[in-house]
Amino acid sequence: MNCRKNQSILEKVKSYFSNKEVMARGKRKENKLKKIILVGSPNVGKSVLFNILTGAYVTVSNYPGTTVEISEGKGKIFGRSIEVIDTPGMYSLLPITEEEKVAREILLSEIPDVVLHVIDAKNLKRMLSLTLQLIEAGLPLILVVNIMDEARKMGMEIDTQILEEELGIPVVATSAAFGEGIGVLKEKIAEYIFSRNIDADKKVG
C-alpha cells in the first residue's frame with residue numbers, strides 16, 4: 001500500500017512539472033531575475049555554496065505558515081543578476097519531516113530556472129536516490145558533488161563525466177569551502193539559464 005501511495009505522489013509531482021499550462025502560468029516576465037534553487041540533505045555544504053552565489057544580499061525568514069527557515073538572496077554570474085533560494089534539508093520528494101514538506105513546496109511553487117542538487121561526495125551512492133527523483137520529476141537539474149576534498153582524503157575518485165552520461169544531466173565536482181570547482185559550476189549554471197555566449201559574458205565579470 002505504501003509503495004503505491006509513494007508512486008502516486010511521485011506521479012503527481014512529475015505531472016505538475018510537465019504540465020505546460022502550469023509552467024506557462026508560473027513563468028516570470030523576461031525582465032525578472034533567473035531563479036536558482038538549492039536542494040540536498042543536511043550537512044552537504046548547501047549553505048556555503050549559497051553564500052558564495054549570493055554574497056551579502058541575503059534574507060532569512062520563516063516559510064509562510066511554518067517555523068521552518070529559508071534563505072533567499074541575490075547575486076551575479078558573469079555580470080548577470082540571479083535570485084537564489086536555499087531550501088531546508090531533504091532526503092526525498094516524498095516528505096516525512098516539516099522541512100522536507102517545505103522544500104518540496106518551494107520546488108512546486110517557485111518554478112526554478114535551475115535546481116542545484118548538492119550532495120556529499122563521500123556518500124554519493126546513498127544520495128543519488130533524490131537525484132533520480134528530481135530527474136524523474138522533470139526539474140531543470142545540475143548535480144553538485146561537493147566536499148570532494150574529504151572524499152579524496154579517503155581515497156575516493158569520482159568520474160563526473162561518467163555520471164553525466166549515466167544521469168543525462170550536468171555534473172560538477174566542488175569543494176565549496178575552498179572555492180574549488182565554483183568557476184566551472186557558474187559556467188554550467190550560465191549555460192543552463194542564459195542564452196548568450198559564455199565567453200562574452202566572462203568579459204563582463
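The table below gives the values:
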read-out: Inter-label distance, nm, simple model (7 Å from Cα along the C-beta direction), Ile96/Thr160; value: 3.1
read-out: Under Karplus coefficients 6.51, -1.76 and 1.60, residue-wise ³J(HN,Hα) of the stretch 64-79 in Hz, glycine/proline x; value: x, x, 9, 9, 7, 8, 10, 10, 10, x, 10, x, 9, 10, 6, x
read-out: Shape call, the stretch 79-137: gyration tensor on alpha carbons, a/c limit 1.5; value: oblate
read-out: Thr67-Ser129 FRET efficiency (beta carbon distance; Förster radius 35 Å; 0.05 resolution); value: 0.80
read-out: Whole-Hz couplings from phi, Karplus 6.51/-1.76/1.60, listed for the stretch 113-123; x for Gly and Pro; value: 7, 7, 10, 9, 8, 9, 10, 8, 4, 5, 10
read-out: Amide H contacts of Ser92 (H built 1.01 Å from N, under 5 Å, at least 5 apart or other chain); value: none
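Computed from the coordinates by the stated procedures, all read-outs in this text should not be read as laboratory data. Just so you know, these numbers come straight off a predicted model, no measurement behind them. Glycine also receives a Cβ, built like all others from the backbone with ideal geometry; neighbour counts cover every protein chain displayed.
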